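So the structure is just underneath, and the comments pick up after that.
The values are calculated or read from the model by the stated rules, or taken from the named source; none is laboratory data. None of these values were measured; they are calculated from a predicted model. Glycine gets a Cβ as well: all are built from the backbone with ideal geometry, and neighbour counts include every protein chain shown.
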Amino acid sequence: MFRARTVVRGVMNWNFEEIQETVCKEVAGVLADQELEALRVKYLGRKGLIQEIYASLPTLSNDQKPLVGKKANELRNEITQLIDDRKIILKEKQKKSSHKSIDVTIPGVSSTIGHTHILTQTINEICLAFENLGFVVADGPEIETEFNNFTALNIPIDHPSRDAFDTFYLEEPDPNNKGRYLLLRSHTSPGQIRIMKDMTPPLAVIIPGKVYRPDAVDASHSFMFHQIEGLLVDKDVKFSDLKGLLTAFCKRLFGEKIKMRFRPHFFPFTEPSAEVDISCYICDGKGCSVCGRKGWLEIMGCGMVHPKVFEACGYPKGKYTGLAFGLGVERITMLKYGINDIRLFFENDQRFLNQF
Ligand code: DAH
């Protein structure tokens, strides 16, 4: 602590210049915040030097009091300024040294970038193939009405697919149809109804999406899977248009060499109806374990839109004809890549997914 250098008439006389010089040196030598704080306490604190000087004022003569008081104030302001300036300098230094501590040569932490799931890839590929043929991609809700999922598609009330063993019914009643319940759509065909209720032909849409059925999960069944629905309605659409369109599509997806055939079938919402087979790409049609020795692989259902479906959508009788088709995305993907278990798509095992 600074003491009086000279005693004038028995009163302590403070050597302000020397104090100021000393503080200046001390502050300039400070390297850490704590040291600076210690200096602040030493000079400006309640028991610090400045307070000591103020405390000595009553002992001074009346003409000295204001002089010493003024000097003490100036000294207090100077010390405050010195400490504040040093604080800023220390902060800058800290900033610079923390920059220096980044070692840019250390290899970074790389995060893996995901990629499109193989099912989405197949959906995109199929949609693009139809978009190139003039179709527009549309969307439909996964929660459907019984009317759209069954009734409008000419599926009779006693059809087995309407049974609760084959369709997930929700507890929510259909707000527009008392006594009926909403359900998880069991196929993408209700998308046809929504489009036709909304649009006037000509129209050509492709509707991909999830569908649900209460099947026990095994290598070829899943309670949720994906379908793609196609619908084209205009005046004078013919069965030959359907065959030409699907032949072009199969060649595009499976290669020019692939053969395709229509096998007669029944669907309530199309008449006539057919299932589409392609020649087995493994054995080239000769018969193998993949095609069950048949030489053919079933890939989708199709047909000409049933007049009752047009009627349910409010289209004038006899005005339009249309073609429709529906395919299973998992099945096509399994055939295309030789995958033998549907569960692989949904287990999220990176070793499987990263192959595609
Ligand atoms: N909805 C049918 C199913 O889930 C698939 C289907 C067959 C869709 C024929 C169609 C069609 O549009 O014409 O099995």
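Summary table
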read-out: Among (1) touching a residue at least 60 places away in the same chain (Cβ under 8 Å); (2) aliphatic (A, V, I, L, M); (3) within 19 Å of residue 326 (Cβ to Cβ), the one test that residue 195 misses; value: (1)
read-out: Subset of the stretch 264-296 (residues that are over 17 Å from residue 245 (Cα atoms) and within 16 Å of the ligand (Cβ to nearest atom)); value: 264, 265, 266, 267, 268, 269, 271
read-out: Enumeration of residues in the stretch 216-266 that are more than 18 Å from residue 189 (Cβ to Cβ) and under 30 Å from the mean Cα position of the chain (by Cα); value: 216, 217, 218, 219, 220, 221, 222, 223, 253
read-out: Residues (farther than 15 Å from residue 152 by Cβ and either under 33 Å from the mean Cα position of the chain (by Cα) or not assigned by TED's automatic domain parsing to the domain that holds residue 147 (or both)) located in the stretch 168-181; value: 168, 169, 170, 171, 172, 173, 175, 181
read-out: Residue within the stretch 95-114 that is within 30 Å of residue 329 (Cα to Cα) and of a type outside the set (A, V, I, L, M, F, W, C) present; value: yes
read-out: Test result for residue 233, within 14 Å of the ligand (Cβ to nearest atom), closer than 21 Å to residue 304 by Cα, part of a loop (DSSP other than H, G, I, E, B) and not acidic (Asp, Glu); value: no
read-out: Filtered residues of the stretch 56-106 (kept if among the polar types (S, T, N, Q) and in contact with a Phe, Trp or Tyr (Cβ under 6 Å, 6 or more places away or on another chain)); value: none
read-out: First in the stretch 21-37 and surrounded by 13 or more Cβ atoms within 10 Å (Cβ to Cβ), second anywhere and not in a helix (DSSP H, G or I), Cβ under 7 Å, 6 or more apart; value: 36/30
read-out: Check on residue 295, modelled with pLDDT under 90, among the small types (Gly, Ala, Ser) and surrounded by 16 or more Cβ atoms within 10 Å (Cβ to Cβ); value: no
read-out: Selection from the stretch 321-344 of residues that are closer than 16 Å to residue 298 by Cα, away from the ligand (no atom under 13 Å from the Cβ) and either among the basic types (Lys, Arg) or assigned to a loop (DSSP other than H, G, I, E, B) (or both); value: 336, 338, 339, 340
